[in-house]
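Following: one structure in structure tokens, then a few remarks.
Just so it is clear, none of the values below were taken in a lab; they were calculated from the coordinates. Keep in mind that what you see is a predicted model, and the values were worked out from it rather than measured. All Cβ positions, glycine included, derive from the backbone under ideal geometry; neighbour counts span all protein chains shown.
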Amino acid sequence: MDSLEAAASEVRHDVLEEWLATVPRSLGDLTPADIRVYRHAVRRTRIDPRQSIPELGVSSAEVAASCERLRHVCLLVRGTGRGDLVPVSLELARRRLNEPLTSEIKAREQRIDENNRLIKGLAELFTDASEPGSEVAGIDVVQDPDKAHELLFRAARNCTEEALTTHVGSQTDVGLLEQSAETAVAMLSRRVRQRMIYQHISRSSLGMRSFIRTVTRYGGLVRTTSESFESIAVFDRSTAFIPMERNGVASGIVVITHEAVVRYLCRGFERLWSGAMPFTEELATHELALRDNRMLLMRLMAAGLKDEAIANRLGISTRTCRRHMAALLEALGASSRFQAGVKAGQLGLLRLNDSAQSGAGTWINAHP
């Protein structure tokens with residue numbers, strides 16, 4: 001008896017139905033005939049998908065269809081005989097079904113680690129600079145809000161070539177949006193190139209959409225993304241501004257003129273820009289942005305992040321985030337985050353390649 005046959009002999013029929021209840025509907029609900037065929041295969045240690053099973057009242061066509069569905073959920077694999085299939089134990093089937101999900105989670109965690117290392121490298125510089133009396137060449141910590149505001153707008157007024165900015169969340173303060181629009185239009189009127197990156201959530205704000213329409217009308221370029229990032233502003237690739245926080249509360253800004261650090265921030269901006277989605281008035285682009293956000297939500301849930309962390313990554317409130325999560329669980333037919341992660345992995349919704357994104361997008365669009 002080979003290893004697969006030995007694994008099949010370990011199947012416990014009393015847990016079969018319980019396990020089958022976790023099989024995602026997208027792979028086709030296993031029918032009573034499928035279960036009978038699987039049990040038959042377990043007893044015989046193999047099965048020929050081309051033959052009928054008279055004692056079970058299952059025709060050859062039904063056997064072939066059942067075997068195909070059982071192969072999709074890893075309960076049958078190809079045997080050593082010509083055309084034969086061999087049953088797989090439930091534990092081995094679980095591992096095979098979960099393997100793609102585990103790989104996707106690891107890939108996403110690696111991406112998160114890369115982002116964390118980027119910020120940590122800068123934080124080590126800023127920590128020293130933020131101590132009273134300390135000085136680091138090219139890095140200045142400004143804790144006075146009025147002075148910070150004045151420095152930022154002075155840099156915008158003096159900018160002559162290019163401004164790169166990223167913005168977390170969705171600004172709703174009309175006064176700030178109008179002030180930002182005036183500054184942006186003034187820069188664009190001086191032929192200063194402007195590129196801005198926002199989170200996808202900004203597309204749902206009427207105020208933000210009006211602001212972005214104004215900026216793009218004067219030649220500014222705006223894109224949105226579902227990726228995680230921090231707010232920055234870089235002027236003429238020589239001066240950068242980063243908001244500073246203590247215990248989650250804004251406490252000033254860090255002004256950076258250190259050439260190597262500014263170049264580093266610009267490279268990060270370019271990577272983010274290349275993967276972001278242009279902001280247009282076309283409905284299709286907004287639907288794609290919504291799809292990206294839902295896919296990111298699934299990946300963050302599968303990675304085990306807390307509600308607050310997920311909400312922060314998406315730029316939405318925790319309450320809104322939980323509402324989206326509940327809707328996603330319902331759409332997947334899952335009763336827990338873990339089960340939702342397993343089903344999303346089996347559906348291919350967590351894969352990062354382009355071809356998988358297309359299939360995942362089809363499912364996402366069908367479950368608004």
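Sites listed here are chymotrypsin sites (Phe, Trp or Tyr not before Pro) in the stretch 176-281 whose DSSP assignment is loop and whose Cβ has at most 15 other Cβ atoms within 10 Å: TYR218. For the stretch 297-335, the set of trypsin sites (Lys or Arg not before Pro) satisfying both a DSSP loop assignment and a count of at most 10 other C-beta atoms within 10 Å is given as LYS306. Our estimate of slack between ARG78 and GLU259, defined as 0.36 nm per intervening residue step minus the Cα-Cα distance, is 59.2 nm. Amide hydrogen proximity for VAL168: with H placed 1.01 Å from N in the peptide plane, the residues at 5 or more positions away or on another chain lying under 5 Å are SER231.
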